[in-house]
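Take a look at the structure below.
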Amino acid sequence: MSKSIARYEAFLLENVSTISSLESSLRSITWFLPGRFKDAELASEALTSLLNVMSMYHDTLLAKIVERDRNYRPLIPPSLHTRFTRAWSDKSNRYKWAARALQFIRFLELVVEMGLRRKVSSKARWRGVLLLEIIK
């Protein structure tokens with residue numbers, strides 16, 4: 001498994017601009033999906049959530065590469081908020097993983113709620129929503 005992940009990461013680093021263009025194109029497709037077929041809204045939100053999670057993973061990998069490169073200088077200086085959160089992420093692994101978990105939940109929250117609304121009873125749906133809020 002780790003061998004295939006390493007190959008994927010190497011592929012990602014060699015084709016950053018291509019993958020970015022592909023992600024952007026897929027995001028554009030989500031604008032045209034709603035109303036085309038049954039459950040198109042759910043499919044559109046699921047695709048958006050999947051793309052957001054993949055982008056989060058890609059951004060994490062690229063940030064690791066940038067950290068290693070001492071000659072890297074950003075075109076635009078980071079904002080105060082970015083510098084503050086980066087300092088906390090570098091200082092505390094707990095903060096870094098909590099931030100990633102919250103971002104992951106934020107990406108999937110709407111899809112989970114839409115799925116609950118369509119597949120389970122009203123009482124179970126509200127329990128699911130409450131559970132999501134408790135986790136956050």
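The values are calculated or read from the model by the stated rules, or taken from the named source; none is laboratory data. In this text, all values refer to a predicted model and were calculated from it rather than measured experimentally. All Cβ positions, glycine included, derive from the backbone under ideal geometry; neighbour counts span all protein chains shown. For the accessible areas, the whole protein counts, side chains as well, though only heavy atoms, and no ligand, DNA or RNA atoms are used. Shrake-Rupley method; radii C 1.70, N 1.55, O 1.52, S 1.80 Å.
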*Yes or no: residue 80 modelled with pLDDT of 80 or more and in contact with a helix residue (DSSP H, G or I) (Cβ under 8 Å, 6 or more places away or on another chain)?*
no
_Is it the case, given these coordinates, that residue 108 is within 20 Å of the chain's Cα centre (by Cα), of a type outside the set (Ser, Thr, Tyr) and surrounded by 14 or more Cβ atoms within 10 Å (Cβ to Cβ)?_
yes
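Any idea which of 53, 66 is under 26 Å from residue 11 (Cβ atoms), aliphatic (A, V, I, L, M) and surrounded by fewer than 11 Cβ atoms within 10 Å (Cβ to Cβ)?
66
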*Is there any pair with a first residue in segment 14-26 that is in contact (Cβ under 8 Å) with a residue 24 or more places away in the chain and open to solvent by less than 70 Å² (accessible area, probe 1.4 Å) and a second that is small (Gly, Ala, Ser) and assigned to a helix (DSSP H, G or I) whose Cβ atoms are under 9 Å apart and which are 6 or more apart or on different chains, and what are they?*
23/55
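Just for segment 8-65: of the residues that are of a type in the set (Lys, Arg) and assigned to a loop (DSSP other than H, G, I, E, B), which one is modelled with the lowest pLDDT?
For segment 8-65, the residue satisfying everything is 36.
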*Of the residues that sit in segment 82-97 and are of a type in the set (D, E, K, R) and under 19 Å from residue 57 (Cα atoms), which one is least open to solvent (accessible area, probe 1.4 Å)?*
96
